[in-house]
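Each remark here refers to the structure printed beneath this line.
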Amino acid sequence: MPLTGTGSVVVPIDTGVARFHLSQAGAHTPLPGTGFSKKEDLVGPSREVMVLDANGVVSFAHKVSNAPRLSQSDLYPVRHAFSPEHVTALRLLGLAVKRTERALRAMNDADEIAADIEVQKAQVLLPELFCCRSLGDGFGGVVNGLLSAFESLEGSPPNVLQLRTLNGVLSVLRDKPFLSSEEADEQLEQLEAVDLCLHPPELVKFLSSDENIGSSDENVR
Amino acid sequence: MPKGEKPEPAVALPVGKGLTTGPLDLSSFAVDSAALEIRYAMALALWDKAGQLWKAIQEKWPDIVPITIDPRKTDFHAGKTRLTVEFEAARIGAIDPERSLESFSKDSREFVRLVAQHLQVSTFKRVGFRVVYFKEFKTKEDASAAFASLGLIRLPEGKKFEIQELPTNPSYGVRWESEKKGATLQCRVETRVVDIQSPIEMVRYMEPIHKETSGVVVDIDYYTIAPVESGQMDVFEWMRHGMHLIARDSGYLFGG
């Protein structure tokens, strides 16, 4: 790896199989012109570039990758290697996203009956999706929230804004089924922001009855 | 060779660990080591959270023993597993893992989950999975002969560089890369030498160790190039897909 000479030098560290990281300590041969030595890394190529300025100071810059994002099918390409929960979740989420998209299109065409049918078709997928909650707490939390959100509509069709949000949340879940609880909370907040209730109606009823009990206690005192 | 007789397949000479007579293919190799590495943008939280992170890791691996502790790098081992967390990368590696890598994959998932959670990493710049297979042979020459029988490279005949002997420790390497993913495959002959002289105080208790092992190595590194969000990645699932790809696509080395 040529590091001699003066002035700014940019050396890509991606050197094929043998890739080098710099460390000040160690028994490795020092690179000429630096106090650093090269050390073979454990795994694969790097996307870093090493910048050596005129004063001999070494710094690292990360190449901004213009590569497209990886999809689930890029990351998990072997059909028979899927766990049953993962492949089922991806299939159902794909269907749910398509159905909410169709519902949105129908709403744009002022065909509310067609939109409602598509929404109902999406809703019936949720209980089976909930069975895939072993994918993670975040996944289970979002599906649970979606179940309650649909229930809270009490049979009425969602408005365009709600439908768009539902579609967005389902799309995120399809792309990131292993999302953390914090990421799941962000998705649930979006549902709440469009007036979808995320708690089961029974819980809401129970909590409101608690309030009544509390107020009656105060009356007794 | 008499007419009509089939040529002998490449046969591994049976000596030592995990050796059986038979044609050379990946199933005849032992899994020598496996490693999983994640890289991320500089995680300054390591300064604040290193203790919490390692305490959480200690709950999973109670026998962890420190190797390196400095502000830029923390490195522990637990039995045959090594765990490293740095500013921009974390890795878990195992020596002699079980063939299916099931347990190693589960450990890796847990390790990555803890690192991502404590260092607040939401995007991985790279995720890499490397597995090294090794097949031991009686001598370096036997290993070289088995490697040559694969026909991966054409070795020059005759005297070269004023050396009459045949080349030793040949190596073959290929890399595939797309915008999203990559894989590196190496097949080589390797001679491993362990030479440990016991300290004078220990001579009474410890014999000096000298061991030389030659064999063929198949070394595969499967990695992502495009960034991966943590919510997209289940390391256990991803490694299982990777293992299927490795088993399927490394078959060509052995004429499959």
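Structure values in brief
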quantity	calculated
When residues of region A:126-143 are limited to those that are over 18 Å from B:GLU237 (Cβ atoms) and either in contact (Cβ under 8 Å) with a residue 60 or more places away in the chain or surrounded by fewer than 19 Cβ atoms within 10 Å (Cβ to Cβ) (or both), the one nearest to the chain's Cα centre (by Cα)	A:PHE130
Of residues in region A:198-221 being in contact with a Ser or Thr (Cβ under 9 Å, 6 or more places away or on another chain) and of a type in the set (A, V, I, L, M), the one modelled with the highest pLDDT	A:LEU198
Unmet requirement for B:VAL218, which otherwise passes all of (1) crowded, with 18+ Cβ neighbours inside 10 Å; (2) under 30 Å from B:GLN120 (Cα atoms)	(2)
Residue among B:THR184, B:THR213, B:THR168 that is away from every other protein chain (no Cβ under 14 Å) and outside any loop (DSSP other than H, G, I, E, B)	B:THR213
Residue within region B:95-117 that is assigned to a strand (DSSP E or B), touching a strand residue (DSSP E or B) at 6+ places or on another chain (Cβ under 9 Å) and either surrounded by fewer than 22 Cβ atoms within 10 Å (Cβ to Cβ) or facing chain A (nearest Cβ under 10 Å) (or both) present	yes
Identity of the residue in region A:143-193, more than 10 Å from chain B (Cβ to nearest Cβ) and of a type in the set (Ser, Thr, Tyr), that ends up nearest to A:GLU112 (Cα to Cα)	A:SER156
Answer from B:GLN186, B:GLN232, B:GLN197 - the residue that is surrounded by fewer than 18 Cβ atoms within 10 Å (Cβ to Cβ) and modelled with pLDDT of 95 or more	B:GLN186
Members of region B:81-94 found to be more than 10 Å from every other protein chain (Cβ to nearest Cβ) and either part of a strand (DSSP E or B) or out of contact with any helix residue (DSSP H, G or I) (no Cβ under 9 Å at 6 or more places or on another chain) (or both), listed by number	B:THR81, B:LEU83, B:VAL85, B:ALA90, B:ILE92, B:ALA94
Residue ID - modelled with the lowest pLDDT, chosen from residues in region B:19-45 that are part of a helix (DSSP H, G or I) and in contact with a helix residue (DSSP H, G or I) (Cβ under 8 Å, 6 or more places away or on another chain)	B:LEU26
Residue list for region A:58-78, restricted to those being of a type in the set (D, E, K, R) and at pLDDT below 90	A:LYS63, A:ARG69
Flag for B:VAL121 being in a loop (DSSP other than H, G, I, E, B) and among the β-branched types (Val, Ile, Thr)	yes
Members of region B:118-157 that are away from every other protein chain (no Cβ under 14 Å) and buried (at least 20 other Cβ atoms within 10 Å of the Cβ)	B:TYR133, B:PHE134, B:LYS135, B:GLU136, B:PHE137, B:ALA143, B:SER144, B:PHE147
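The values are calculated or read from the model by the stated rules, or taken from the named source; none is laboratory data. All figures in this text were calculated on a predicted structure; none of them were measured in a lab. Virtual Cβ from ideal backbone geometry, glycine too; neighbours counted across all protein chains shown.
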